[in-house]
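First the structure, in the form of structure tokens, and then the observations on it.
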Amino acid sequence: MWGTGGGGINGNGVIFHIEKDGSSLTKVHDFNGTNGSSPVGFLIFSNNKLWGATKLGGTNDVGTIFSINPNGTGFTSEYSFSSSESGQRPIGDLTEYDSKLWVPRTWEAQMDKEPFST
């Protein structure tokens, strides 16, 4: 099972993996601010990757969408929110529909635009 949480080396959050029986908790990624900060929502599996969002960090410090391989390698910050163009500080869980990831957002945009296709 996969999840995200706060803390980590940089204090910006982590991605972790834990066995279903609760054993072998493994931290697989530390966010550093530039690649995201304060992860939100669940990770989803799409296009052979796990996808998630952060509410802070990235190019404009208003959130990112990221992906990571199911084996814990290949972390990529896929998209940085830009405030007025795409909204900012996403909340909730990513949702996949029609091969696109939809992101619940706050502030300046609603769930009426998709940032990219998977």
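Every number here is computed from the coordinates shown, using simple stated rules; none is lab data. Computed from a predicted model, the values in this text were never measured in an experiment. No Cβ is skipped: glycine too gets one built from the backbone with ideal geometry, and neighbour counts run over all protein chains shown.
A few notes on this one:
- Cut-off under 5 Å, modelled amide H: who pairs with S82 long-range: G87
- Between N35 and G58, the built amide H atoms are under 5 Å apart, and every one of these is 5 or more places off in sequence or on another chain.
- Positive minus negative residues near F75 (Lys, Arg vs Asp, Glu; Cβ under 11 Å): -1
- Karplus-derived HN-Hα couplings along region 31-47 (A = 6.51, B = -1.76, C = 1.60, θ = phi - 60°), whole Hz, x at Gly and Pro: 6, 10, x, 5, 9, x, 7, 6, x, 10, x, 7, 7, 10, 9, 7, 6
- The H on the amide N of V28, modeled in the peptide plane, is under 5 Å from the matching H of I15, F16, H17, each at least 5 residues off or on a different chain.
- The HN-Hα couplings worked out from phi for region 93-102 by the Karplus form 6.51 cos²θ - 1.76 cosθ + 1.60 (θ = phi - 60°) are 9, 4, 10, 9, 8, 6, 6, 10, 8, 10 Hz, whole numbers, x standing for Gly and Pro.
- Region 1-15 and region 19-76 have their alpha-carbon centroids 8 Å apart.
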